[in-house]
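Trainee: Structure provided below as structure tokens; questions to follow.
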Amino acid sequence: MKSTSKIIEQLKHSLEVEPEILPVFSAIALQVQLELIKSQPDLKVIEQLILQDQALSSTVLRIANSVRYCGLIETTTIRSAIVRLGMAEIMQIVCAEISRRMFYSHDHTIEMLMKKLWQHSVGCAFTAGMLSPYAPLKVLQAEAFSAGLFHDIGKLHLLKVIEAKRKKNKIFDVSPETMLEIFAQLHTKQGFWLINRMKLPKMYALAARDHHLPEVDSSNTLLLLVRLANMLCHQLGLGTTADPALDVLASKEAQNLNLTEFHLEKIRKFLASNPNLFG
């Protein structure tokens, strides 16, 4: 049985001395998601964004003309496809596209973890973004969404590095359980480093670094939102951790953000409306 500590030390060494593998998120898909979480999404904005992404456009049109949605007249424009499908379906399509492009691997074990990581990251992004308007100290919805999406990016980076390494070095051919141990020890520090390396705003790097700390500054509303989103997704089983008994409402984060069960249940219903997150 491989020593987890030995694997982690070798992985740390690889991360320090070799070129990094940088995860790249689709800017268009992110912008569509940010528009979708608004209380009144702008159809024109969504249309223009989808038109900028050829693959996303073709997917939307294909689904709009599928047996499930096809009407008497073929849908030939993105706008008519959006109207036919509705915003909820567009959200599912965009989420599925992110999963297909970003969180994919030819390695079955890694792909399984990537899928769970994607579900958790997207769930946290929607949760943090939708709860941000209720926070006593206002946070821009787009910032909350992005912080939720990026908070576990260290895990994605570690998976991509392990995937590349295990092709040449059998020491990295580890079980999912060992990978979870690696995440627990390395992902916050790695996420902090990676977000700084990608030159993203410092607020996202701090959220990635500090979202598991025992105590945090109660005035850091963005971090509170990410931590609460993380808890809610754990309660729902979105990701590698499932804790249905977790009392999210009783958390210091929920109390500092002045949230009620009404707010949390609204998020649960929204997330449940996207079956891609629970596959």
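The values are calculated or read from the model by the stated rules, or taken from the named source; none is laboratory data. Model, not experiment: these values are computed from the prediction. Don't worry about glycine lacking a Cβ; one is built from the backbone with ideal geometry, like all the others, and counts go over all protein chains shown. Calculation scope for accessible area: heavy atoms of the full protein, side chains included, ligands and nucleic acids excluded. Shrake-Rupley method; radii C 1.70, N 1.55, O 1.52, S 1.80 Å.
Trainee: How far is it, in nm, from the label point at residue 74 to the one at residue 51 when both lie 7 Å from their Cα along the line to the Cβ?
Mentor: Result: 2.1 nm between the two label points.
Trainee: Okay, moving on. Which pairs break 32 Å Cα to Cα here: 167/269; 202/266; 12/138; 199/269; 44/252; 170/202? Numbers along the way, then the final one.
Mentor: Numbers: 167/269 41 Å; 202/266 30 Å; 12/138 38 Å; 199/269 35 Å; 44/252 40 Å; 170/202 36 Å.
Going by Cα-Cα distance, 167/269; 12/138; 199/269; 44/252; 170/202 fall outside the 32 Å limit.
Trainee: Rounded to the nearest 20 debye, what is the charge dipole size of the chain about its Cα centre when +1 sits on each Lys and Arg Cβ and -1 on each Asp and Glu Cβ? Write out the running numbers ahead of the final one.
Mentor: On the way: 31 positive and 27 negative charges, 102 e Å.
With Lys and Arg at +1 and Asp and Glu at -1, about 500 debye.
Trainee: OK, next. Testing the spin-label approximation: label points 7 Å from Cα along Cα→Cβ at residue 4 and residue 42. State their distance in nm.
Mentor: Going from the residue 4 label point to the residue 42 one covers 4.8 nm.
Trainee: Tell me, what is the per residue accessible area of the chain in Å², probe radius 1.4 Å? The partial results should precede the final answer.
Mentor: On the way: 13620 Å² over 279 residues.
The answer is 49 Å² per residue.
Trainee: Would you calculate the separation in nanometres between label points at residue 166 and residue 185, each defined as 7 Å from the Cα along the Cα-to-beta-carbon direction?
Mentor: Each label point is offset 7 Å from its Cα along the Cβ direction, giving 1.7 nm.
Trainee: Fully extended, how many nm does the chain gain between residue 202 and residue 241 (0.36 nm per residue separation, minus their Cα-Cα distance)? List each step's numbers first, then the result.
Mentor: Working: separation 39, 0.36 × 39 = 14.04 nm, distance 2.70 nm.
The span from residue 202 to residue 241 would gain 11.3 nm if fully extended.
Trainee: With a 1.4 Å probe and every protein chain kept in, tell me what percent of the accessible surface of the chain is carbon plus sulfur.
Mentor: Numbers: 7540 of 13620 Å².
Heavy-atom surface of the chain belonging to carbon and sulfur, 1.4 Å probe: 55 percent.
Trainee: Once you order the gyration tensor axes a ≥ b ≥ c over the Cα atoms, which shape class does the chain get: rounded for a/c under 1.5, otherwise prolate or oblate by comparing a/b with b/c?
Mentor: Details: a/c = 1.89, a/b = 1.26, b/c = 1.50.
Because a/c hits 1.5 or more and a/b fails to exceed b/c, the chain counts as oblate.
Trainee: Using Cα pairs closer than 8 Å and at least 6 residues apart in sequence, work out the relative contact order for the chain, in percent.
Mentor: Details: 344 pairs, mean separation 52.6, N = 279.
After rounding, I find 19 percent.
Trainee: Within the stretch 184-279, report the trypsin sites (Lys or Arg not before Pro) that DSSP leaves as loop and that have at most 15 other Cβ atoms within 10 Å. Write down the numbers at each step before the final one.
Mentor: On the way: sites: 189, 197, 199, 202, 209, 227, 252, 266, 268, 269; in loops: 199.
When the trypsin sites (Lys or Arg not before Pro) of the stretch 184-279 are filtered for loop state and at most 15 Cβ neighbours within 10 Å, 199 remain.
Trainee: Further, regarding this structure: With +1 on the Cβ of every Lys and Arg and -1 on the Cβ of every Asp and Glu, and nothing else charged, how large is the dipole of the stretch 142-279 about its Cα centre, in debye rounded to the nearest 20?
Mentor: On the way: 17 positive and 14 negative charges, 171 e Å.
That gives the stretch 142-279 a dipole magnitude of about 820 debye.
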